[in-house]
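Worksheet for the structure shown next.
The values are calculated or read from the model by the stated rules, or taken from the named source; none is laboratory data. Treat the numbers as computed from the prediction; the structure is a model and nothing was measured. When we count neighbours, we look across all protein chains shown, and the Cβ atoms used for this are built from the backbone with ideal geometry, even at glycine. Just so you know, the surface numbers come from the protein's heavy atoms only, side chains and all, with ligands and any DNA or RNA stripped out. Shrake-Rupley method; radii C 1.70, N 1.55, O 1.52, S 1.80 Å.
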Amino acid sequence: MEYSCLYLRIYLVLCCFNLIILTYSSSSTWPLCHENESKALLQFKHNFVIDKLASVDASAYPKLESWKLLDGKSNGCCSWDGVECDHDTGHVIGLDLSSSLLYGSINSNSSLFTLLHLRSLNLADNNFNCSEMPSEIGNLSRLSSLNLSNSAFFGQIPSEISSLSTLIILDLSAKIFGGFPPVLLKRCSLYGEFPMDIFRLPKLQILDAAWNENLTGSLPEFQNNSRLEELILTGTGFYGKLPDSIGRLESLRYLSLSQTCLSGTLPSSLGNLTRLTLLKLQLCNFNGQIPSSLANLSQLTMLLIGSNNFDAGPLPLPPGKLLKLTVLSAQGINLQGEIPLSFANLTQLSYLFIGRNNLKGKIPSWFMNLTQLTLLGLEDNNFHGMIPRSITQLKRLEHLSLYSNSFTGIVELDMFMKLPNLSSSLAF
């Protein structure tokens, strides 16, 4: 009798255990998809062909090939590649079709715009055949993230995007991320005046419209309550001045305005952006003095201000400041005098470009403290004296530009043989 009770207890425990497993398994299955949304997705699929040249990413694959009916039923779309559903309601809330080898156009009557519960839409790195960005995108009023980058859209940005009041991320850029500098994808680009109201979207944190060279616009007066963390307009036709109100963007981490038509003096209020880790202002038309307030940006890892028309003088970099810099690009900005001693503290520098200036003197001995350097550009200055043998201490160096200076003495080539990573780009 005792053994019978024991067996019964074990049996009941195993049954309960199996029940728990079944309950857990059923709770982790995909939710059922709404039939109308499933049909909308299939209709959207039929507007495109798969083209291996439509995406640049090496990991791209045709996500839409998994979009098929199961046993003639259309309630399984939540398990399709790139489709995210709300677990409770079954509504499609996310669509990630980035790098899906899609070729075709998105028209104003696309079934995409019937997916009114979408919160995230990513169509990056496809080829939409130079079609215009439909204004109906404004119907997707619940969007918090919209990524249409590198997808060969053409034409003006529809003003209806500025009605997406829940938008946090907006990426309309035409660049391929990765590498320094980034690789460009030259197919189609946006043009016309950038809708100013997009800057006023209350929840916007990331705005990237880079490498649309025919996209014009000017920067607004920014408000104190802005949540912007990344503002990237590199390679666009934005013009005018950088407003003093830029200093109100206290949450800003990335500010990239390089290769634009922006001009005028840099406002000292830039020094208020103490969370900045990246500041890119090179290849613009800025003039006047470089504000000393830039030294307040203690979190900066990248500072690119080269190729501007600043007043002649030294780079305002006090000792003990900007110690996290890994990239400093300050070529062609009328720097004068000797290399400031404050540079000796920048021990994290990997890239240092200060060529095409009016710097003079010898390469200082403390330069060899910069042991992380991989690229060093000192070309087209007025440096003199011998090239110090201590340069061999820069073991990570891959590129060294010293040409168009006034160095003297015999160049001992064996000295450079001690730099194991140095490439053939060495020039005198």
Anything in the stretch 309-353 that is more than 30 Å from the chain's Cα centre (by Cα) and at positive phi? List them, or say none. Gly313, Gly337
List the pairs whose first member sits in the stretch 143-162 and is without any contact (Cβ under 8 Å) to a residue 24 or more places away in the chain, whose second member is part of a loop (DSSP other than H, G, I, E, B), and whose Cβ atoms are under 8 Å apart, counting only residues at least 6 apart or on separate chains? none
Those residues of the stretch 202-217 which are open to solvent by less than 10 Å² (accessible area, probe 1.4 Å) and not acidic (Asp, Glu), in sequence order: Leu204, Leu207, Ala209, Ala210, Asn212, Leu215, Gly217
Candidate set: the stretch 66-94, residues that are on the phi < 0 side of the Ramachandran plot and among the small types (Gly, Ala, Ser); chosen: the one modelled with the highest pLDDT: Gly94
Yes or no: Phe310 of a type in the set (Phe, Trp, Tyr), closer than 22 Å to Lys280 by Cβ and modelled with pLDDT of 95 or more? yes
When the stretch 387-402 is examined, which residues are found to be part of a loop (DSSP other than H, G, I, E, B) and open to solvent by 10 Å² or more (accessible area, probe 1.4 Å)? Ile387, Pro388, Lys395, Arg396, Glu398
Filtered residues of the stretch 103-133 (kept if among the hydrophobic types (A, V, I, L, M, F, W, C) and open to solvent by less than 20 Å² (accessible area, probe 1.4 Å)): Ile106, Leu112, Phe113, Leu115, Leu118, Leu121, Leu123, Ala124, Phe128, Met133
Please go through the stretch 77-100 and give me each residue that is part of a loop (DSSP other than H, G, I, E, B) and either in contact with an Asp or Glu (Cβ under 6 Å, 6 or more places away or on another chain) or open to solvent by less than 20 Å² (accessible area, probe 1.4 Å) (or both), ordered by number. Trp80, Gly82, Gly90, Leu97, Ser98, Ser99, Ser100
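Restricting to the stretch 365-386, name every residue that is under 29 Å from the mean Cα position of the chain (by Cα) and open to solvent by less than 10 Å² (accessible area, probe 1.4 Å).
Leu370, Leu373, Leu376, Gly377, Leu378
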Go through the stretch 336-358 and report how many residues are open to solvent by 10 Å² or more (accessible area, probe 1.4 Å) and among the aliphatic types (A, V, I, L, M). 3
Of the conditions (1) in contact with a Gly (Cβ under 8 Å, 6 or more places away or on another chain); (2) part of a loop (DSSP other than H, G, I, E, B), the single one that Leu359 does not satisfy is (2)
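If you check Tyr239 against the conditions, is it touching a Cys at 6+ places or on another chain (Cβ under 8 Å) and open to solvent by 30 Å² or more (accessible area, probe 1.4 Å)? Let's see the steps before the verdict.
Values: touching a Cys at 6+ places or on another chain (Cβ under 8 Å): yes; open to solvent by 30 Å² or more (accessible area, probe 1.4 Å): yes.
Against the criterion (touching a Cys at 6+ places or on another chain (Cβ under 8 Å) and open to solvent by 30 Å² or more (accessible area, probe 1.4 Å)), Tyr239 qualifies.
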Being open to solvent by less than 10 Å² (accessible area, probe 1.4 Å) and under 17 Å from Asn109 (Cβ atoms) is the filter here, so list the residues in the stretch 134-154 that pass it. Ile137, Leu140
When you look at Leu294, is it hydrophobic (A, V, I, L, M, F, W, C), within 27 Å of Ser162 (Cα to Cα) and open to solvent by less than 70 Å² (accessible area, probe 1.4 Å), yes or no? no
Kindly evaluate Arg227 against the criterion of being open to solvent by 40 Å² or more (accessible area, probe 1.4 Å) and within 20 Å of the chain's Cα centre (by Cα). yes
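Say we look at the stretch 403-419 and pick out the residues that are among the aliphatic types (A, V, I, L, M) and assigned to a loop (DSSP other than H, G, I, E, B); which of these is surrounded by the most Cβ atoms within 10 Å (Cβ to Cβ)?
Leu419
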